[in-house]
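The values are calculated or read from the model by the stated rules, or taken from the named source; none is laboratory data. Note that the coordinates shown come from a computational prediction; the quantities given were computed from them, not determined experimentally. So basically every Cβ, Gly included, is an ideal-geometry build from the backbone, and we count neighbours across all protein chains shown.
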Amino acid sequence: MTDSFDTGGSERQFAALAGSLDPNLFRVALGCITKRGGFLNEQREVTEFPLGGNLYGARSMQARLRLARHLRQACFSVAHAFDFYTNLMLIPAARLARVPVVIGSQRQLGDLLTPSKSRAQLATLRWCDRIVCNSWAAADRLIQQGIGETRIVVIRNGLPLANFASTVPALPRPSSLLRVGMIARMNTESKNHRIFLCAAARLQNTFPEIEFILAGDGPLRPEFERLANDLGIFARTRFLGDRQDIPAILASIDVSVLPSASESLSNAIIESMAAGVPVVATRVGGNSELIDESRGILVSRGDDQSLSSAIERLLHDARMRTALGRNAKRFAETNFALSEMRRQYEALYTELLINKTRQSRKAYARPRE
């Protein structure tokens, strides 16, 4: 179960996993809180359980009861919540329905949650058989908050083979034009589009032929467009909106940038690496699990001057860009294949089901007093 099918990293991973699980092993049914988003059309039937705008209101409680009835009537064996709101929705409903295996997820660091949301999620995650994190940074944070280490599993994100293949650029260009891109939804300040645009303004005088690409959309886009205009770079900046052809966008740029304030395991970084595009990112969360000095450049959070200096260094050195991109692509091919992510999830589901079956047999065989 996922929150929605918007074009974000977690939603992209949910859609990829749901479509890749072996049908000979598992019959997969999908649920969501809000039935919307660019990945919805790729899915088969999806059942919606709307919260009603309030996690603790009467409508959300009714939705949990309806979900519990749905789970019980269909005799589900595994219930897997994929993100924050579905943790709070699916996990208690699955326990109420006595689903044998209940799995939660932590796909962000959790540092952007309010204290009340953080407490609510921690309390809910304690009801899970396992909690899947997509980075060690996210796992370590849960352990520090009191979740037992043995109940946490790290399964990294995965990409389909198409992300590693050579792709025709979506944006043709003359050979003299350099491009710097950022791939992120524009629905939160934590992605730091403002820092990117400020760094871009520093670069425009150094590189007379440069263009800045922003792929992603959201309610903050008008503010970022105004900022680009105020900084004098609007004519050099292309706001592409939501795109489904990310590999083709990446094939059109020279440097990929992610100046986020918080990341667990960034899809934008992994996709850039798979495309062989060097990355400049902030030293936060799981970014250091992806990038070292042989695969990209990490800079301090919130520092547009350091960010622009790192980008400038790469733009001046084509050989460095090629070497970092080649190493990054090799690393991504080894560590982030969708087939490996699918294998790990299938192994997790199977192991937990076997363990539950053994526990049930032991309880049934125990002599009564």
**Prompt:** Restricting attention to segment 185-192, does a residue exist that is out of contact with any helix residue (DSSP H, G or I) (no Cβ under 7 Å at 6 or more places or on another chain), free of Cβ contacts under 8 Å to residues at least 24 places away in the same chain and of a type in the set (S, T, N, Q)?
**Reply:** no
**Request:** Starting from residues that are of a type in the set (Asp, Glu) and over 27 Å from Arg72 (Cα atoms), keep the ones in segment 91-144 and report whichever is surrounded by the fewest Cβ atoms within 10 Å (Cβ to Cβ).
**Result:** Asp111
**Which listed residue is touching a helix residue (DSSP H, G or I) at 6+ places or on another chain (Cβ under 6 Å), farther than 21 Å from Arg221 by Cβ and in a helix (DSSP H, G or I), from Ile297, Ile269** = Ile269
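Here are some residues: Arg173, Arg236, Arg179, Arg243. Which one is modelled with pLDDT under 95 and under 22 Å from Ala318 (Cβ atoms)? It would help to see each step written out before you state the result.
Details: Arg236 fails: modelled with pLDDT under 95; Arg179 fails: modelled with pLDDT under 95; Arg243 fails: under 22 Å from Ala318 (Cβ atoms).
Going through Arg173, Arg236, Arg179, Arg243 in turn, the sole match is Arg173.
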**Message:** Among the numbered criteria (1) outside the structural domain of Gln108 (by TED's automatic domain parsing); (2) in contact with a strand residue (DSSP E or B) (Cβ under 9 Å, 6 or more places away or on another chain); (3) surrounded by fewer than 21 Cβ atoms within 10 Å (Cβ to Cβ); (4) of a type in the set (Lys, Arg), which one does Arg202 miss?
**Reply:** (2)
**Message:** Scan segment 121-144 and tell me whether some residue there is over 23 Å from Gly325 (Cβ atoms), within 18 Å of the chain's Cα centre (by Cα) and among the hydroxyl-bearing types (Ser, Thr, Tyr).
**Reply:** no
**Criterion (without any contact (Cβ under 8 Å) to a residue 60 or more places away in the chain and assigned by TED's automatic domain parsing to the domain that holds Ala138) met by exactly one of Ala310, Ala328, Ala347, Ala281** = Ala347
**Asked** With respect to Tyr85, is the statement that it is under 25 Å from the mean Cα position of the chain (by Cα) and among the aromatic types (Phe, Trp, Tyr) true?
**Response** yes
**Request:** Can you confirm whether segment 280-293 contains a residue that is modelled with pLDDT under 95 and closer than 25 Å to Gly110 by Cβ?
**Result:** no
**Complete:** Considering residues that are surrounded by 17 or more Cβ atoms within 10 Å (Cβ to Cβ), charged (D, E, K, R) and more than 20 Å from Asp304 (Cβ to Cβ), the number found within segment 205-237 is 1
**Asked** Filter segment 1-36 for residues that are part of a loop (DSSP other than H, G, I, E, B) and among the small types (Gly, Ala, Ser); which is nearest to Gly218 (Cα to Cα)?
**Response** Gly8
**Complete:** Of the residues in segment 293-302, those that are charged (D, E, K, R) and either within 15 Å of Ile253 (Cα to Cα) or without any contact (Cβ under 8 Å) to a residue 40 or more places away in the chain (or both) number 2
**Asked** Residues Gly57, Gly104: which one is without any contact (Cβ under 8 Å) to a residue 60 or more places away in the chain and under 24 Å from the mean Cα position of the chain (by Cα)?
**Response** Gly104
**Message:** Take the residues in segment 178-199 that are among the small types (Gly, Ala, Ser) and surrounded by 19 or more Cβ atoms within 10 Å (Cβ to Cβ); name whichever of them is nearest to Ser252 (Cα to Cα).
**Reply:** Gly181
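Just one of Arg321, Arg313, Arg358 is surrounded by fewer than 16 Cβ atoms within 10 Å (Cβ to Cβ), under 29 Å from Lys191 (Cα atoms) and among the basic types (Lys, Arg); which is it?
Testing whether each residue is surrounded by fewer than 16 Cβ atoms within 10 Å (Cβ to Cβ), under 29 Å from Lys191 (Cα atoms) and among the basic types (Lys, Arg) leaves just Arg313.
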